[in-house]
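The values are calculated or read from the model by the stated rules, or taken from the named source; none is laboratory data. None of the values given here were measured: they were computed from a predicted structure. Cβ coordinates were reconstructed from backbone atoms using ideal geometry, including for glycine residues, and neighbour counts include every protein chain displayed. For accessibility, only protein heavy atoms count, side chains too; no ligands or nucleic acids. Shrake-Rupley method; radii C 1.70, N 1.55, O 1.52, S 1.80 Å.
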Amino acid sequence: MMPPFGLLHRRAWASLFGQLLRPSVLVCIGEVHFHSQVSEAVLISQLKPHQEKSNFVIKTPKGTRDLSPQQMVVREKILDMVIDCFKRHGAKRLDTPAFELKEMLTEKYGEDSGLIYDLKDQGGELLSLRYDLTVPFARYLAMNKVKRMKRYQVGKVWRRESPTIVQGRYREFCQCDFDIAGQFDPMIPDAECLKIMCEVLSGLQLGDFLIKVNDRRILDGILAVCAVPQSKFHAICSSIDKLDKIPWKDVRHEMVAKKGLAPEVADRIGDYVQRHGGVSLVEEMFQDSRLSQNKQALEGLGDLRLLFEYLTLFGIAEKISFDLSLARGLDYYTGVIYEAVLLQTPAQAEECLSVGSVAAGGRYDGLVGVFDPKGHTVPCVGLSIGVERIFAILEERMKTAGLKIRTTETQVFVATPQKNFLHERLKLISELWDAGIKAELLYKNNPKLLTQLHYCEHMGIPLVVIIGEQELKEGVIKLRSVASREEVAIKRENLVAEIQKKLSES
């Protein structure tokens, strides 16, 4: 029987070529049948992938990465802490497809719509990978006619932007979202979202942070009283949103030179968007001669005044800054918007990563109505935790501190000092597994005891149970503490209870 064609030696191929070019010869190579009419070019095309394999570079796609077991331990702890907070506030979990109909996602993200990953037509439906978890949630509410829901979702999203790996920015990344959908009294759900954001960031011990708050109605009101044409609102908001990254003079230049705004209009905008403060600034804006004439801005200021009242009751008002430069580029926001940033001392700024915002969100009262056939709206407000950016910070800190991370949760290792004890070890570990104890053994018939103990020390396993001929005769098992190296003999029938006791004490 001939070997598969991918394994044939070059000389064998030469011989086959000679046969194939003769008339009326049939050659069978594995499952592939070559007739005398098959040309040399066809065979070369079959060989090409094998010839080029040596030049193949094994890597992950740009803007993505693998996560090692050590990294996954840290990531899971972050996610567990975030999810626990969401559950504490009464949220139920939801999941949606990784891809949506393209028409569901288009025109929802403003200038960022060009970052959506479109998929190749697979049979009549034009699809795109989800850009965030908010639009799919709004689609779910409209499709299922849900009028009230407090939900959280954890999942990957995809954005076709230039990745900056060192800042925790990727093309594929995880989002953790919490949203409250439904008609409620003003600013109570919004205040809870900001409370959740504070709880998560405090719980992760990332250091001091500040949450910037604004309202899209106030921002639109500013643009209106500054005489910005309505058609330029979105474009100018996008420029304003860059004020946390570039100075005002560069933002002003973009507005004037690239977006065609009159210089005097840009200057009027600058008088507003460079201001930030607390509830006193809200009161100040109420007295502003131009802004107080705009109905939309007054509505936004009224809601912010109420919001600060609730935030004071929650004990988090000192963490909140009313920042008139905050714009949030996504088109679907309609009211209060917010964004959390870490505050760093000059020394920390040199040592730590610059990752931008670590959490953000806002109110989007009109998005569900976009999907509903009758245009019925469901007011919504929510937040998203920037898991990748938080992970980048914690990962860098652990590297600096040289912390060792356990990648397993194994509690007990089953060992033996003697040969031919595999069967006893298997029976013993089965007992431990059945009792809900996390246990391991080496996959060898006759491992050396020293090798087994070294494995426990390397993996951070706290306890070892040792069984040998003497223990078998006496009906006992030796229980060894890896840290102290102390050993005690335990009756076989009491082993599980003794292990559980030891584990509860640690």
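Restricting attention to region 314-321, does a residue exist that is assigned to a helix (DSSP H, G or I), modelled with pLDDT of 95 or more and of a type in the set (A, V, I, L, M, F, W, C)?
Yes, because at least one residue in region 314-321 is assigned to a helix (DSSP H, G or I), modelled with pLDDT of 95 or more and of a type in the set (A, V, I, L, M, F, W, C).
Take region 84-113 and flag every residue that is open to solvent by less than 30 Å² (accessible area, probe 1.4 Å), touching a Gly at 6+ places or on another chain (Cβ under 7 Å) and modelled with pLDDT under 95.
Answer for region 84-113, where residues must be open to solvent by less than 30 Å² (accessible area, probe 1.4 Å), touching a Gly at 6+ places or on another chain (Cβ under 7 Å) and modelled with pLDDT under 95: just Gly110.
Please give the number of the condition Gly123 fails out of (1) without any contact (Cβ under 8 Å) to a residue 40 or more places away in the chain; (2) under 20 Å from Gln175 (Cα atoms); (3) among the small types (Gly, Ala, Ser).
So Gly123 meets the others, but not (2).
Do you know which residues across region 196-238 are within 23 Å of Gly366 (Cβ to Cβ) and of a type in the set (S, T, N, Q)?
Those that are within 23 Å of Gly366 (Cβ to Cβ) and of a type in the set (S, T, N, Q): Asn214, Gln230, Ser231, Ser238.
Residues of region 468-479 being open to solvent by less than 50 Å² (accessible area, probe 1.4 Å) and over 30 Å from Lys404 (Cα atoms), which ones?
Just the residues of region 468-479 that are open to solvent by less than 50 Å² (accessible area, probe 1.4 Å), to begin with: 468, 471, 475-477, 479.
Within region 468-479, Gly468, Glu471, Gly475, Val476, Ile477 qualify.
In region 428-479, what residues are in contact with a strand residue (DSSP E or B) (Cβ under 8 Å, 6 or more places away or on another chain) and among the hydroxyl-bearing types (Ser, Thr, Tyr)?
If the condition is that a residue be in contact with a strand residue (DSSP E or B) (Cβ under 8 Å, 6 or more places away or on another chain) and among the hydroxyl-bearing types (Ser, Thr, Tyr), then Tyr455 is the only one that fits.
For region 94-164, give me every one of the strands (runs of 3 or more DSSP E) that falls completely inside it and has 3 or more residues that are out of contact with any Ser or Thr (no Cβ under 6 Å at 6 or more places or on another chain), of a type outside the set (S, T, N, Q) and closer than 30 Å to Met81 by Cβ.
Working: elements: 99-101, 127-129, 149-158.
In region 94-164, 149-158 are the strands (runs of 3 or more DSSP E) which contain 3 or more residues that are out of contact with any Ser or Thr (no Cβ under 6 Å at 6 or more places or on another chain), of a type outside the set (S, T, N, Q) and closer than 30 Å to Met81 by Cβ.
Quick one: which residue in Leu432, Leu453, Leu472 is farther than 30 Å from Leu204 by Cβ, touching a residue at least 60 places away in the same chain (Cβ under 8 Å) and part of a helix (DSSP H, G or I)?
The match here is Leu432.
Cβ-Cβ distance below 6 Å, separation of 6 or more or different chains: which pairs start in region 303-323 with a residue that is in contact (Cβ under 8 Å) with a residue 12 or more places away in the chain and at negative phi and end on one that is of a type in the set (S, T, N, Q) and open to solvent by less than 10 Å² (accessible area, probe 1.4 Å)?
Within 6 Å, the pairs are Asp323/Asn214.
Residues Ile461, Ile499, Ile393: which one is surrounded by 12 or more Cβ atoms within 10 Å (Cβ to Cβ), outside any helix (DSSP H, G or I) and touching a residue at least 40 places away in the same chain (Cβ under 8 Å)?
The unique qualifying residue is Ile461.
Might you let me know whether region 62-83 holds any residue that is open to solvent by 40 Å² or more (accessible area, probe 1.4 Å), in a helix (DSSP H, G or I), of a type in the set (S, T, N, Q) and touching a Ser or Thr at 6+ places or on another chain (Cβ under 9 Å)?
Checked against the condition, which is being open to solvent by 40 Å² or more (accessible area, probe 1.4 Å), in a helix (DSSP H, G or I), of a type in the set (S, T, N, Q) and touching a Ser or Thr at 6+ places or on another chain (Cβ under 9 Å), region 62-83 yields at least one hit.
Any chance you could count how many residues in region 210-227 are among the hydrophobic types (A, V, I, L, M, F, W, C) and open to solvent by 10 Å² or more (accessible area, probe 1.4 Å)? Give the steps one after another, and end with the answer.
We begin by selecting, within region 210-227, every residue among the hydrophobic types (A, V, I, L, M, F, W, C); these are 210-211, 213, 218-219, 222-227.
From what is left, the residues that are open to solvent by 10 Å² or more (accessible area, probe 1.4 Å) are 210, 224-225, 227.
Total meeting the criteria: 4.
Taking the conditions exactly as written (more than 24 Å from Gly382 (Cβ to Cβ), part of a helix (DSSP H, G or I), open to solvent by 40 Å² or more (accessible area, probe 1.4 Å) and not aromatic (Phe, Trp, Tyr)), does Lys242 satisfy them or not?
In short, no.
Being within 22 Å of the chain's Cα centre (by Cα) and either farther than 26 Å from Leu342 by Cα or not hydrophobic (A, V, I, L, M, F, W, C) (or both) is the filter here, so list the residues in region 394-405 that pass it.
At the first step, the residues of region 394-405 found to be within 22 Å of the chain's Cα centre (by Cα) are 394-399, 405.
Within region 394-405, Glu395, Glu396, Arg397, Lys399 qualify.
Checking Lys147 against (1) of a type in the set (Lys, Arg); (2) in contact with a Gly (Cβ under 9 Å, 6 or more places away or on another chain); (3) under 23 Å from Phe233 (Cα atoms), which single condition isn't satisfied?
(3)
Take Val146 and tell me if it is over 22 Å from Val336 (Cα atoms) and under 14 Å from the mean Cα position of the chain (by Cα).
Taking the combined requirement at face value, the residue does not satisfy it.
Considering every residue within region 215-234, establish whether at least one is part of a helix (DSSP H, G or I) and under 29 Å from Gly63 (Cβ atoms). Please lay out each step first, then the result.
Initially, region 215-234 is screened for residues part of a helix (DSSP H, G or I), giving 216-225, 230-234.
Right, trim to under 29 Å from Gly63 (Cβ atoms) and you get 234.
There is at least one residue in region 215-234 that is part of a helix (DSSP H, G or I) and under 29 Å from Gly63 (Cβ atoms).
Listed here are the residues, each with its yes/no results for (1) within 30 Å of Glu396 (Cβ to Cβ); (2) without any contact (Cβ under 8 Å) to a residue 60 or more places away in the chain; (3) open to solvent by less than 60 Å² (accessible area, probe 1.4 Å).
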position	(1), (2), (3)
Cys193	yes, no, yes
Ser202	yes, yes, no
Arg252	no, yes, no
Leu261	no, yes, yes
Asp267	no, yes, no
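Going through region 396-422 one residue at a time, which ones are among the hydrophobic types (A, V, I, L, M, F, W, C), at pLDDT 95 or above and open to solvent by 20 Å² or more (accessible area, probe 1.4 Å)?
Hit for region 396-422 is Leu422, nothing else.
Is one or more of the residues making up region 426-439 among the basic types (Lys, Arg) and open to solvent by less than 60 Å² (accessible area, probe 1.4 Å)?
No, the conditions are met nowhere in region 426-439.
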